[in-house]
1. Would you mind counting up the charge near residue 57? Only other residues with Cβ under 10 Å from its Cβ, with Lys and Arg at +1 and Asp and Glu at -1.
2. Extension gain residue 80-residue 30, at 0.36 nm per residue separation less the Cα-Cα distance, in nm?
3. Just add up the charged neighbours of residue 139: K/R +1, D/E -1, any other residue whose Cβ is under 15 Å from the Cβ of residue 139.
4. Rounding to the nearest 20 debye, state how big the charge dipole of segment 182-260 is about its Cα centre with +1 on each Lys and Arg Cβ and -1 on each Asp and Glu Cβ.
5. Among 9, 25, 43, which residue has its Cα positioned farthest towards the positive end of the charge dipole of segment 3-63, with +1 placed on the Cβ of Lys and Arg, -1 on the Cβ of Asp and Glu, and the dipole taken about the Cα centre?
6. If you place +1 on the Cβ of every Lys and Arg, -1 on the Cβ of every Asp and Glu, and leave all else neutral, what size is the dipole of segment 3-63 about its Cα centre, to the nearest 20 Debye?
7. Report the one residue of 184, 143, 156 whose Cα lies farthest in the direction of the positive end of the charge dipole of segment 102-209 (charges on C-beta: Lys and Arg +1, Asp and Glu -1; origin at the Cα centre).
8. Just the accessible area per residue of segment 143-259, please: how many Å² with a 1.4 Å probe?
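The values are calculated or read from the model by the stated rules, or taken from the named source; none is laboratory data. Since the model is a prediction, treat every value here as computed from it, not as a measurement. All Cβ positions, glycine included, derive from the backbone under ideal geometry; neighbour counts span all protein chains shown. Remember, those area values only see protein heavy atoms, side chains included, never the ligands or the DNA or RNA. Shrake-Rupley method; radii C 1.70, N 1.55, O 1.52, S 1.80 Å.
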Amino acid sequence: MHEKERHRIILSAVQDKPVVTVPELVELTDSSEATIRRDIAALHVQKRLRRVRGGAEAINPPQFVGLAGRPFSVNEGLHARQKQAIAKEAVALCQDGEPIIINGGTTTFQMVHFLANRRMQVFTNSFPIAEHLLKHSKNTVMLSGGTIYREQNIILSPFDNDVTRNFYARRMFMGAQGLGPLGLMEGDPLLIQAEQKLIDQADELVVLIDSSKFHKRSSLILCGLKRITTVITDSGIEDRHVRMLEDAGVHLVVANTRSGTLEENASSSA
């Protein structure tokens, strides 16, 4: 990742939280601790943030605290080919007319290209997913209410009596920060709260993750492996992770990430 992009992510992070630690910035940028410390020092000299012990803070602290995790714009470019192939397999599970939930995320966003010629009832908390489906498909779209988190491009509500409780889905499709023996992991308590409500509204839970997510960990568990119906991933999955899913009774789909452009794949799935 180039220095300019790292600086953009660091400055965005300190505007989302009162203080961001060096380890958090290492995770966000996939950079070394030494690199992050140099970046913080440079931005401190430029008076674009304030260096503090173990991390950095904004010159003008945020009035509204955002979510933990990488911005949507950064995640979108990571493992793009794998995400497209995974999304294609996800849409292949759908039947026209079915009600489905698509949770916000960069892998689930790729589903919109393969839904272009479908006729589904789609409930989502993702502004980009809703916008794309409204412009480029005939699917019926329902959008959840709540606060828009710009960096992640999702809408979350902390209230129990929102429209989420009135929608039933055959399947829910979602990504995650990580997946391990204890289950599906996320990095923010508000995400956990909102996603648990969505999961309760679906018969089946389908998890879309590239194989790198099996190596990611978080302190927050969204749900156990037993709640997951299907995991769709790429061929980079290791044998030990295959066994982990099999032992938990989770159906595994391995997407073909070989040749084929997004446009070719989308037209072939129509």
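1. +3
2. Values: separation 50, 0.36 × 50 = 18.00 nm, distance 1.62 nm.
Full-extension gain reported as 16.4 nm.
3. Working: positive: 118, 119, 135, 138, 170, 171; negative: 96, 98, 131.
Value of the local net charge: +3.
4. It works out to roughly 160 debye.
5. 43
6. On the way: 11 positive and 9 negative charges, 75 e Å.
The dipole magnitude comes to about 360 debye.
7. 143
8. Spelled out: the 1.4 Å probe surface of segment 143-259, per residue, equals 46 Å².
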